[in-house]
Amino acid sequence: MHDHVGHEGEACGAEHAAATMARAAKLCRDRSLHFTKLRHDVLQAVAETGKPMGAYDIAERLSGPDRRVAAVSVYRALDFLTENGLVHRIASRNAFVSCAHEHGAGEGLVFLICRSCGGIDETTSPEIEAGLGRTLERAGFRPASRILEVEGECGACHGRQSDGAH
């Protein structure tokens, strides 16, 4: 598993945010992309919270008494960040999580979403990819993305529930 959003300790969260921001700066330099202040601020807000955030939550977090950030501007920044693999959209939550690592070409993602604590694990699965690939081929379907979301209960919450049942 790559990232775990939701159960991170403060040090781990800060480490993730720093790695995410460093990766973003390098990626933008290498691809000659403009890493504007708003794009930077949006990514930093998502990376620092360590939990999925919606555009309106991000806009609220970035706004202050003297500065109002519009959700439409945040959505534009999120589009850029998503296109470049710096954030992932969790469709079932209409929220975004940051990503501090590269993905292989065509690599699909599986998000494991805990209904109890809201934590999200990001992983890949060659077995699921192979089966999904065969299914898509049979259907003649070409996906724009290969992201699966699975809801349930994470190991930590399941363990707490089991401990409380005894």
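Can you pull out every residue in segment 13-25 that is of a type outside the set (A, V, I, L, M) and either in contact with a strand residue (DSSP E or B) (Cβ under 8 Å, 6 or more places away or on another chain) or at pLDDT 95 or above (or both)?
Once the filter is applied, which keeps residues that are of a type outside the set (A, V, I, L, M) and either in contact with a strand residue (DSSP E or B) (Cβ under 8 Å, 6 or more places away or on another chain) or at pLDDT 95 or above (or both), segment 13-25 yields 16, 20.
Name the residue that is modelled with the lowest pLDDT, counting only residues in segment 26-68 that are within 18 Å of the chain's Cα centre (by Cα) and among the β-branched types (Val, Ile, Thr).
49
Would it be correct to say that residue 122 is under 30 Å from residue 33 (Cβ atoms) and either among the aromatic types (Phe, Trp, Tyr) or open to solvent by less than 30 Å² (accessible area, probe 1.4 Å) (or both)?
yes
Looking only at segment 81-92, count how many residues are in a helix (DSSP H, G or I) and surrounded by fewer than 18 Cβ atoms within 10 Å (Cβ to Cβ).
Looking only at that region, the number is 4.
Could you list, in sequence order, the residues of segment 22-47 that are surrounded by 15 or more Cβ atoms within 10 Å (Cβ to Cβ) and assigned to a loop (DSSP other than H, G, I, E, B)?
35, the sole residue that qualifies.
Could you say which residue among 144, 100 is open to solvent by 70 Å² or more (accessible area, probe 1.4 Å) and assigned to a loop (DSSP other than H, G, I, E, B)?
Just a single option satisfies the conditions, and that option is 144.
Of the numbered conditions (1) at pLDDT below 95; (2) part of a helix (DSSP H, G or I), residue 8 satisfies every one except a single condition; which is it?
Among (1) at pLDDT below 95; (2) part of a helix (DSSP H, G or I), the lone unmet condition for residue 8 is (2).
Please go through segment 108-129 and give me each residue that is closer than 16 Å to residue 146 by Cα, touching a residue at least 40 places away in the same chain (Cβ under 8 Å) and over 12 Å from the mean Cα position of the chain (by Cα), ordered by number.
108, 124
Counting only residues that are in a loop (DSSP other than H, G, I, E, B), open to solvent by less than 90 Å² (accessible area, probe 1.4 Å) and within 18 Å of residue 100 (Cβ to Cβ), how many does segment 48-80 have?
The number of residues fulfilling the criteria is 2.
Filter segment 78-95 for residues that are closer than 15 Å to residue 48 by Cβ and either over 15 Å from the mean Cα position of the chain (by Cα) or at pLDDT 95 or above (or both) and give the result.
Listed by number, the list holds a single entry, 81.
Each row is one residue, and each column tells you yes or no for (1) hydroxyl-bearing (Ser, Thr, Tyr); (2) more than 23 Å from residue 18 (Cβ to Cβ).
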position: 79; (1), (2): no, yes
position: 93; (1), (2): no, yes
position: 97; (1), (2): no, no
position: 123; (1), (2): yes, no
position: 148; (1), (2): no, yes
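The values are calculated or read from the model by the stated rules, or taken from the named source; none is laboratory data. Just so you know, these numbers come straight off a predicted model, no measurement behind them. A quick note on method: Cβ atoms are made from the backbone with ideal geometry, for glycine too, and the neighbour counts reach across all protein chains shown. The area values use the complete protein model at the heavy-atom level, side chains included, leaving out ligands, DNA and RNA. Shrake-Rupley method; radii C 1.70, N 1.55, O 1.52, S 1.80 Å.
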